[in-house]
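Reviewing the structure listed below.
The values are calculated or read from the model by the stated rules, or taken from the named source; none is laboratory data. Only a predicted model underlies this, so the values are computations on that prediction, with no experimental measurement involved. Using ideal geometry, Cβ is built from the backbone for each residue, glycine included, and neighbour counts are taken over all protein chains shown.
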Amino acid sequence: MLLVVLSLSSCYDRDVLDDKGLNYFMPTPENVQYIQDNATTVTLTWSIPSVIPEDFRRPISVQIQIVENNIYRDRITLVNEETSHTFTIDPAKKYRYIVKLVGTFTEENQETGRTSTVTSEGVIVNVE
């Protein structure tokens, strides 16, 4: 059984998965930080870069992935270029938030058979 798992994992080629044939770039959110409002509330803040390619519709979406004690728990999407979001936390647990921008192509730039969105690299915030 172990041999089968190893042979299947050796076929994994990340470059093939990452190459979507797109020549578009979504910038990362800027000035990402958090404020612990009290023992059970954390507010993440960030700014949207001033230069977003015109190939994308406005408003840009913000995606936040939530990791609790190293276990992926949830993903939320804010659709109106919000620049903050408040979470309720358990003070006994560790949290990691990954903040990304998601751009949706305008109709003129949408290519048939291609993805309609481009996601930026994530900015990681650790709350312990």
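Out of everything in region 27-70 that is acidic (Asp, Glu) and in a strand (DSSP E or B), what residue ends up being nearest to Asn109 (Cα to Cα)? Break it down stepwise before answering.
Step one: of region 27-70, the residues acidic (Asp, Glu) are 30, 37, 54-55, 68.
Next, from what is left, pick out any that are in a strand (DSSP E or B): 30, 37, 68.
On the way: Glu30: 25, Asp37: 42, Glu68: 37 Å.
Selected residue: Glu30.
If only one of Thr112, Thr40, Thr83, Thr88 is free of Cβ contacts under 8 Å to residues at least 40 places away in the same chain and either buried (at least 17 other Cβ atoms within 10 Å of the Cβ) or over 15 Å from the mean Cα position of the chain (by Cα) (or both), which one is it? Explain how you work it out, then say what you get.
Details: Thr40 fails: free of Cβ contacts under 8 Å to residues at least 40 places away in the same chain; Thr83 fails: either buried (at least 17 other Cβ atoms within 10 Å of the Cβ) or over 15 Å from the mean Cα position of the chain (by Cα) (or both); Thr88 fails: free of Cβ contacts under 8 Å to residues at least 40 places away in the same chain.
Result of the check over Thr112, Thr40, Thr83, Thr88: Thr112.
Identify all residues within region 91-107 that are in contact (Cβ under 8 Å) with a residue 24 or more places away in the chain and of a type outside the set (Lys, Arg); write none if there are none. Quick ask: steps written out before the conclusion?
Narrowing region 91-107 to residues in contact (Cβ under 8 Å) with a residue 24 or more places away in the chain: 91, 93-106.
Listed by number, the residues that qualify are Pro91, Tyr95, Tyr97, Ile98, Val99, Leu101, Val102, Gly103, Thr104, Phe105, Thr106.
Which numbered condition in (1) at pLDDT 95 or above; (2) surrounded by fewer than 16 Cβ atoms within 10 Å (Cβ to Cβ); (3) β-branched (Val, Ile, Thr) is the only one that Val32 fails?
That leaves (2) as the condition not met.
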